[in-house]
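Here is the structure we will look at.
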Amino acid sequence: MRIGVDVGGTKIEAIAIDDAGRELARRRVVSPPGDYRAMVDAVRGLVLALDDEIGEIGEKASVGVGTPGAVSRATGLIKNANSTQLNGRPFARDLADALGRGVRLENDANCFALSEATDGAGVDHRMVFGVILGTGVGGGIVLDGRLWTGANAIAGEWGHDEMPSRTELDLPDTHCYCGRRRCVETYLSGPALAADHARGGAAPLGARAIVALARSGEPGAKATMARFYNRLASALASVVNVLDPDVIVLGGGLSNIDELYGEVAALLPGHVFSDRCTTPIVRNRHGDSSGVRGAAWLWPPARQR
Ligand SMILES: [Zn+2]
């Protein structure tokens with residue numbers, strides 16, 4: 001049995017699955033605000049509760065944890081997390097001490113990619129590029145069933161690359177919270193889509209409303225979405241030119257836009273440096289559960305060991 005925990009800013013969710021990926025139990029608690037020790041205790045409490053609920057006598061479940069941010073290869077400490085009480089802390093080590101077993105920890109976009117590669121929309125593909133398009137833009141790479149984290153634990157994080165500045169993309173200047181300008185995230189996140197629509201003087205709308213308006217034929221919203229599709233295709237093409245993954249799986253709130261799959265897949269070949277590009281762009285299978293499931297799969301299924 002394996003337990004996966006997804007530590008978020010507002011809630012901590014935990015799941016227990018068996019070797020076949022069947023969900024056995026699930027629990028969630030509100031994230032304790034501000035206090036690091038309380039965060040460790042909350043994760044410990046969830047794991048022990050799941051142990052009790054479905055645990056096998058004499059065998060402890062493996063524990064994987066997904067968090068925002070990343071684990072520094074240099075120090076083992078968490079960096080870049082928006083749940084800031086985790087930053088600078090040896091979260092994996094403290095959880096392992098609290099639970100009396102090894103704990104594997106990865107960033108949430110990597111957990112998404114691993115979940116979809118293991119038994120989701122990317123299964124049976126050798127290289128899976130998992131993309132989060134939500135309040136932020138992230139990504140993760142899985143090769144032959146294994147997460148590829150990279151020498152600096154930053155593999156797949158394309159959200160803070162500079163957007164390819166092709167003239168047809170008609171890019172406004174943007175500033176990112178990371179301190180750089182024109183990051184991919186500032187054009188392709190949900191808030192970025194809303195900001196792009198409002199930039200031309202349109203009433204401020206959320207992503208969902210803009211999509212609905214575009215479907216109704218409203219020219220301004222249609223133009224906003226056309227820009228979004230083209231920019232997404234261009235940014236993904238940069239990834240394809242370097243990695244050439246076998247499949248691109250989309251996750252996060254914007255992955256629910258049905259039109260993405262046809263429009264962006266059709267535009268992608270025009271941006272890729274190849275005579276042909278047949279890379280499928282597909283919707284995730286596990287939705288909001290990909291975070292906890294991917295965390296659980298940080299201890300791989302037996303067939304991949
Ligand atoms: Zn940035």
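Net charge in the neighbourhood of R215 (other residues with Cβ under 12 Å of its Cβ; Lys, Arg +1, Asp, Glu -1) is -1.
In whole Hz and in residue order, list the ³J(HN,Hα) couplings for the stretch 6-18 that follow from phi through the Karplus curve 6.51 cos²θ - 1.76 cosθ + 1.60, θ = phi - 60°; x for Gly and Pro. With coefficients 6.51, -1.76 and 1.60, one gets 10, 9, x, x, 10, 9, 10, 10, 9, 9, 10, 10, 8 Hz.
Sequentially through the stretch 231-243, phi angles give Karplus couplings (6.51, -1.76, 1.60; θ = phi - 60°) of 5, 5, 4, 5, 5, 5, 4, 4, 5, 4, 5, 8, 9 Hz, Gly and Pro residues having no value and appearing as x.
One Cα centroid belongs to the stretch 92-160, the other to the stretch 231-305; the line between them spans 13 Å. Per-residue Karplus couplings for the stretch 154-170, computed as 6.51 cos²θ - 1.76 cosθ + 1.60 with θ equal to phi - 60°, are listed in order as 10, 4, x, 7, 8, x, 10, 6, 6, 4, x, 9, 7, 4, 5, 7, 6 Hz, Gly and Pro entered as x. Normalised by the residues of the stretch 211-269, what does the relative contact order come to in percent, with Cα pairs under 8 Å and at least six apart? Answer for the stretch 211-269 is 43 percent.
Please arrange W299, W148, W158 by accessible surface area, largest first, computed with a 1.4 Å probe and ligands excluded.
Details: W299 60, W148 145, W158 10 Å².
Ranking W299, W148, W158 by accessible area, largest first, yields W148, W299, W158.
Normalising by the residue count of the chain, find the relative contact order in percent from Cα pairs under 8 Å and 6+ residues apart.
Details: 618 pairs, mean separation 63.4, N = 305.
Rounded, it is 21 percent for the chain.
For the chain, the 222 nm mean residue ellipticity estimated from helices alone, with every DSSP H stretch of n ≥ 4 adding -39500 (n - 2.57) and the total spread over all residues, rounds to -11000 deg cm²/dmol.
The values are calculated or read from the model by the stated rules, or taken from the named source; none is laboratory data. Just so we're clear, the structure is a prediction, and the values are computed from it rather than from any experiment. Quick reminder, even Gly has a Cβ in these numbers, built from the backbone with ideal geometry, and neighbours come from all protein chains shown. Just so you know, the surface numbers come from the protein's heavy atoms only, side chains and all, with ligands and any DNA or RNA stripped out. Shrake-Rupley method; radii C 1.70, N 1.55, O 1.52, S 1.80 Å.
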